[in-house]
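Asks: To start, I am sharing the structure in question, which I have written as structure tokens.
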Amino acid sequence: MRNIKLRRTLQKGSLMIEALALLGLISMVTPVMYKKAAERTTELQDINLATQMRTLNGALDEYVRNNISTLKANPDTTEETGLEVPSAEVLSFLPEGFNIDGMKYFDKDKMKFKVKQKIVNVGGVDHSTFTTAVIAPSLNPVNRTRAAKIASMIGVNGGIYDTKAAAGGNNIIGTQGAWGAKLSDWHTL
């Protein structure tokens, strides 16, 4: 009988050790799980931001296609200055159901839509090409690495505004350095 009581006491002690080991394991895994969840949330925000930028860029491109004759005749679209298109005109080309007020990442009041025209004479005939830019300041500071990642999700049109003196300062740098422009060339400062 005494042997049975001793065995039960030892079993209870081992159960307590197993419970403590499980609690220790949970306490080690929980911070990792929270970190992974936060990273996934940030990744989803970046995907959402890139999608919104592609949509805004598509609306500006559609605006240019529908107003090409007016833009060609407008002297303000010249390569030196560029034309700032009123936001309301561009936003009318957004897809049905796109909620501009649902954009949480950009300062909608400071967002600019710019169009530049370059005229090239080929064989005595003038040909116009248009370059467009959606300049949308972020509401929250984004580090350069994250901004570059978002720009790559936007695609070849994506770029980041770089204020670092090492990069020449006040430059827009395209995805993976594929293109570049001075922000002052777009007369947005």
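The values are calculated or read from the model by the stated rules, or taken from the named source; none is laboratory data. The structure displayed is predicted, hence computed values, not measured ones. Quick note on the areas: whole protein, heavy atoms, side chains included, nothing else; ligands and nucleic acids left out. Shrake-Rupley method; radii C 1.70, N 1.55, O 1.52, S 1.80 Å.
Asks: Quote the accessible area belonging to Asp107 in square angstrom, nearest 10, computed with a 1.4 Å probe and with ligands, DNA and RNA left uncounted.
Replies: Ignoring ligands and nucleic acids, Asp107 comes out at about 30 Å².
Asks: Moving to a separate point now. Classify region 80-121 as rounded, prolate or oblate from the Cα gyration tensor: take a ≥ b ≥ c as the square roots of its eigenvalues, call it rounded if a/c is under 1.5, otherwise prolate when a/b beats b/c and oblate if not.
Replies: Cα axes put region 80-121 in the prolate bin.
Asks: Something else: Rank these residues by their accessible area, most exposed first, probe 1.4 Å: Ser184, Ser69.
Replies: Largest to smallest exposure gives the sequence Ser69, Ser184.
Asks: Rounded to whole Hz and in sequence order, give me ³J(HN,Hα) for region 39-47 from the Karplus expression 6.51 cos²θ - 1.76 cosθ + 1.60, θ = phi - 60°, writing x for Gly and Pro.
Replies: With coefficients 6.51, -1.76 and 1.60, one gets 5, 5, 4, 4, 4, 5, 5, 5, 4 Hz.
Asks: Now for a separate question. Search the structure for amide H atoms under 5 Å from the amide H of Gly180, placed 1.01 Å from N in the peptide plane, and list their residues when 5 or more places away or on another chain.
Replies: When sequence neighbours closer than 5 places are left aside, the close amide H contacts are Gly174.
Asks: Can I ask one more? How do Lys149, Lys116 stack up against each other in accessible area, from largest to smallest, with a 1.4 angstrom probe?
Replies: On the way: Lys149 95, Lys116 25 Å².
Largest accessible area first, the residues go Lys149, Lys116.
Asks: Not counting ligands, DNA or RNA, and with a 1.4 Å probe, what is Met28's accessible surface area in Å² rounded to the nearest 10?
Replies: Approximately 130 Å² for this residue.
Asks: Students sometimes get this wrong: rank Arg65, Arg40, Arg146 by accessible area, probe 1.4 Å, all chains present, largest first.
Replies: Ranked list, largest accessible area first: Arg65, Arg40, Arg146.
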